[in-house]
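The values are calculated or read from the model by the stated rules, or taken from the named source; none is laboratory data. Just so it is clear, the model here is predicted, and its values are computed rather than measured. No Cβ is skipped: glycine too gets one built from the backbone with ideal geometry, and neighbour counts run over all protein chains shown. Heavy atoms of the whole protein, side chains included, go into the accessibility calculation; ligands, DNA and RNA do not. Shrake-Rupley method; radii C 1.70, N 1.55, O 1.52, S 1.80 Å.
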Amino acid sequence: MKVSVVKETTPGERRVALVPEAVVKLRAADLDVLVESGAGEGAWLTDDAYAEAGAGIVSRTDALGADALLMVGRPDESTVAALRPGQVVIGLLSPLTDPDLVRSLADAGVTAVSIDMIPRTLPRAQPMDALSSQANIAGYKAALVAAAEFGRFFPLLITAAGTARPAKVLVLGVGVAGLQAIGTARRLGALVSAYDVRPETRTEAESVGATFIELSTVGPAAGEGGYARALTDEERLAQQQELAGHIARNDVIITTAQVPGRRPPLLITEDALKAMAAGSVIVDMGASALGGNVAGSVPGQTIVSEHGVTIIGASALPSSMSAAASAMYARNMSALLTYLIKDGELALDVSDELQAGVVITSGGVVVHPALGGAPPPTTANEAAPGGQPAADEQSSGAQSDEGAVRE
Ligand code: NAD
């Protein structure tokens, strides 16, 4: 079976799906590995390094002809147009937020495997958890970006020229990225506090050195699969109002809040921004085309509000550490691939919970229940595998203006 690494097409994306070390591993598993010439450039990996690891260096056309295409992000339109039925595409496809891509992959007859849909709570899925590996990098870099932008010190400094008090950093959203941001800001010497709607995050935040903030007006909001649920409109307003006081007391805020398949929740409103001191810095890791955790944040841009608050729309942090991010992603990718193959060939079995979680299209149809697809006949007919809430669960019950993006 031929697998190929294609050069990423998303503007600014510097990561690559496999690094040479992973090529060696996959060749040992009887796979032929092709690498599109220049695919590793953004991560400082040369064609020669891949060739030494045993990969064939090929043109884009040849890479697109392989049995399975490995990528970091999503295939663009021209890539999808070049695919033939039966091919496999594996990447961070974000199918919950891109139903058009899902449909076009189904129409192309390809088997789409979305690594971000892995059921993350399954122990055997841990080595394949690319959301966690990339969120770890993003959280670390968010703290560094914040420190670099902040006009004062993070640590307490006592010098002959005066004493600098430590920066107060607030981390909103204590998932994988938030925990890493807390740890990194602490290591830089800041005083860190943190908040999340999932109650279990208190001990996690405290274990890496943050003081946990509990809101009196918003109760716990844990959802399915370890994720948060969307808040109701009432809860959201109460949260925004009560958080505003905490926000105003901090110098630096890092926001990481996400709810799968939905717009990121708005945590810092225009009014909260106005109450912050000039010179404060916000890194919005939720920044997206759909809106972010911070009013007015723009993905990929740094803006300064009229009150002097710097808002960094930090949407591509893992790509900014492309060497580390690619190395970790490649380990996730090769762990998934070796799990999916038997005797050198792809052997998909969607009666397996892990595989049912990641396979989103197959045989010309959408098969993932969370995307409205019917599982193939061989699938154990269980609801919403993948640790992700099913579409109907997402749009029922608690509603908010951060509605499901597919609505
Ligand atoms: P995420 O990126 O989906 O969200 C980031 C954080 O935002 C979450 O902690 C979430 O609770 C929080 N959030 C959402 N809405 C919010 C709101 N309105 N206000 C404040 N905070 C809000 O999360 P993630 O980092 O991908 O991790 C989600 C969960 O999955 C965590 O519990 C993590 O420990 C768990 N996880 C488990 C495993 C495992 O079992 N091995 C592996 C990876 C992740």
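Odds and ends about this structure:
Listed here are the residues, each with its yes/no results for (1) open to solvent by 50 Å² or more (accessible area, probe 1.4 Å); (2) in contact (Cβ under 8 Å) with a residue 40 or more places away in the chain; (3) closer than 26 Å to A287 by Cα.
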site	(1), (2), (3)
D47	no, no, no
R60	yes, yes, no
L101	no, no, yes
V110	no, yes, no
P123	yes, no, no
D129	no, yes, yes
N136	yes, yes, yes
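- Single residue of T255, T211 found to be free of Cβ contacts under 8 Å to residues at least 24 places away in the same chain, among the β-branched types (V, I, T) and more than 8 Å from the ligand (Cβ to nearest atom): T211
- Residue list for region 274-328, filter: in a loop (DSSP other than H, G, I, E, B) and of a type in the set (S, T, N, Q): S280, S288, N293, S297, Q301, S305, S315
- Of all residues in region 224-245 being of a type outside the set (A, V, I, L, M) and in a loop (DSSP other than H, G, I, E, B), the one that is farthest from the ligand (Cβ to nearest atom): T232
- Selected residue (criterion: most open to solvent (accessible area, probe 1.4 Å)) from residues of region 62-85 that are outside any helix (DSSP H, G or I) and of a type in the set (A, V, I, L, M, F, W, C): A82
- Residue match in region 54-73 (condition: among the charged types (D, E, K, R), within 30 Å of R262 (Cα to Cα) and at pLDDT 95 or above): no
- For region 23-45, filtered to residues that are free of Cβ contacts under 8 Å to residues at least 60 places away in the same chain and within 15 Å of K7 (Cα to Cα), the residue that is surrounded by the most Cβ atoms within 10 Å (Cβ to Cβ) is V35.
- Residues in region 245-269 that are among the aliphatic types (A, V, I, L, M), farther than 21 Å from A185 by Cβ and open to solvent by less than 30 Å² (accessible area, probe 1.4 Å): 1 in all.
- Selection status of L131, out of contact with any Cys (no Cβ under 7 Å at 6 or more places or on another chain), over 30 Å from L336 (Cα atoms) and outside any loop (DSSP other than H, G, I, E, B): no
- Unmet criterion (only one of (1) in a helix (DSSP H, G or I); (2) surrounded by 15 or more Cβ atoms within 10 Å (Cβ to Cβ); (3) of a type in the set (D, E, K, R)) for E206: (2)
- Residues that are of a type in the set (S, T, Y) and more than 16 Å from the ligand (Cβ to nearest atom) were ranked within region 154-187; the one that is nearest to A257 (Cα to Cα) is T163.
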